[in-house]
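Written out below as structure tokens is the structure these notes cover.
The values are calculated or read from the model by the stated rules, or taken from the named source; none is laboratory data. The shown structure was predicted, so the numbers you read here are calculated from the model rather than taken from an experiment. Here the Cβ is made from the backbone with ideal geometry for all residues, glycine too, and neighbour counts use every protein chain on show. Accessible surface areas use protein heavy atoms only, side chains included; no ligands, DNA or RNA. Shrake-Rupley method; radii C 1.70, N 1.55, O 1.52, S 1.80 Å.
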Amino acid sequence: VEDVDAEEVKDEMKESEDNELVEDNEQVSSEVDGAVLEESVEGDDDNNQDTEKIETSEDSKESDNEGIEDQETFEMKMTSASNEEIKADVIASKPAEEEEAAVVSNVNVADNDTSVNVNEQETKVDLFEQFNKGMFDDEPITPIFEKQTNCRKIFLFVQKLLSMIEVADPDLCFTLRLHSAIAANRCVVIAQERSSTSGDLSTVAYEFITEAFLIYEREITDALAQRNAITKMIGILLSCSCFDKNDYEALITKTTQYAARLLKKTDQCSMVLMCSHLFFKLGENGYQNPQRALECLQRALKIADMCATSNPSNLQLFVDIFDLYVYFFENSNPVITDKFLSGLIALVNEHITTIGSLNSVIQGTKESFTQTVRYIERKKTVDGRFTNIVCIVPN
């Protein structure tokens with residue numbers, strides 16, 4: 001029994017201890033729940049305070065926006081009012097300003113007219129002075145420039161270029177060499193006018209022409225091309241004045257030989273006749289060899305006589321020779337006398353009679369010859385040198 005009672009007492013003590021533990025646990029859980037509730041309540045209070053703050057800030061922003069809008073509307077009203085006042089002032093002051101502007105513009109126009117007139121007068125005076133200075137002053141106006149090279153170097157460079165062109169186009173190179181010669185001659189003339197050294201450019205011009213002659217001999221073989229080439233030679237030589245006597249005689253003699261060697265007789269006659277100008281150049285410093293000029297005319301006359309016997313239309317060669325005789329006689333070639341002119345008139349009339357004066361082939365030639373004879377008749381009344389010439393006009 002005691003053992004049973006002791007076990008019951010132990011069981012009761014365990015139960016009491018378990019009950020106390022349960023109560024303690026329930027108390028602790030209740031305290032924890034209360035703390036949680038308090039924290040949630042405090043969180044809700046904080047959220048409510050934050051929402052209140054947000055609402056107050058939004059209210060303040062709305063009030064600020066309303067204030068800004070009120071201020072903007074106020075400013076717009078003020079600016080519109082001020083603009084209306086300014087417009088009214090501008091409208092009121094516009095006529096006065098227009099009147100002032102019109103007055104000022106009239107004054108400016110008058111000033112501009114006077115200034116334009118003055119400027120025109122000044123420019124006219126300047127142009128007149130420049131014109132007088134260039135035309136009537138003894139000293140010519142020379143441009144001022146810095147010399148960086150000389151003409152000789154330029155022409156040497158041109159020679160190199162022409163030597164390359166000759167391979168591709170000999171005819172073009174022939175013409176360019178003649179043009180280069182006349183350019184060098186012009187440089188020599190300008191240097192002589194300014195009393196300065198020409199840098200021996202006459203030698204350069206001579207080399208250009210001799211090289212052109214070599215191209216003629218090697219490359220130009222067509223009859224028409226040869227005639228055109230000799231015509232260019234004669235023109236260039238007549239234009240050049242920088243050569244000394246020996247060089248010039250060598251060049252014109254070579255040109256005359258080229259003319260006498262042409263294939264066609266009519267071309268020979270025309271070119272030899274043209275070469276006579278090379279031996280009797282007009283002017284103070286022109287080269288003149290009257291006897292050689294007469295020899296060219298006589299050579300051309302022989303060739304023309306051979307041509308006329310084969311073709312009556314070649315009578316024009318006689319008329320061309322007769323015209324050149326008259327030219328040299330009128331320009332005082334001492335070896336050409338009135339006897340030559342009288343003999344040529346008789347010779348041409350004889351050929352016209354032989355061919356027939358009514359032949360339509362020689363009608364143009366006959367008219368040309370008649371005009372030259374009548375010119376000589378008119379000159380008899382003015383120049384006594386023409387008095388002894390026997391003029392016979394063909395029927």
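Couple of notes before you dig in:
- Using a Förster distance of 56 Å, the FRET efficiency for residue 265-residue 164 (Cβ separation, nearest 0.05): 0.90
- Heavy-atom accessible area per residue - the range 160-238, 1.4 Å, Å²: 51
- Ranked by solvent-accessible area (1.4 Å probe, protein heavy atoms only, all chains present), the residues 302, 281 order from largest to smallest as 302, 281.
- Once all protein chains are placed together, residue 374 keeps about 110 Å² accessible to a 1.4 angstrom probe.
- Share of carbon and sulfur in the accessible heavy-atom surface of the range 207-358 [1.4 Å probe, %]: 51
- Simple spin-label estimate for residue 191 and residue 339 in nanometres, 7 Å along Cα-Cβ: 4.8
- The range 292-395 - charge dipole about Cα centre, Lys and Arg +1 at Cβ, Asp and Glu -1, debye rounded to 20: 140
- Under 16 Å from a label point set 7 Å out along the Cα-to-Cβ vector of residue 395, the amide N atoms of the range 330-364 belong to 349-359.
- Accessible surface computed residue by residue for the range 239-386, with neighbouring protein chains in place and a 1.4 Å probe, gives 48 Å² per residue.
- Inter-label distance, nm, simple model (7 Å from Cα along the C-beta direction), residue 363/residue 152: 6.3
- Positive-pole candidate from 388, 348, 336, dipole of the range 302-395, charges at beta carbon: 388
- In terms of distances greater than 19 angstrom between alpha carbons, the cross-link table entries 160/245; 254/339; 264/366; 281/379; 264/302; 339/380 yield 160/245; 254/339; 264/366; 281/379.
- For the set 295, 350, solvent exposure ranked by accessible area (probe 1.4 Å, protein chains only) runs largest to smallest as 350, 295.
- Calculated FRET efficiency, residue 249 to residue 218, Cβ-Cβ distance, R0 = 30 Å: about 0.80 to the nearest 0.05.
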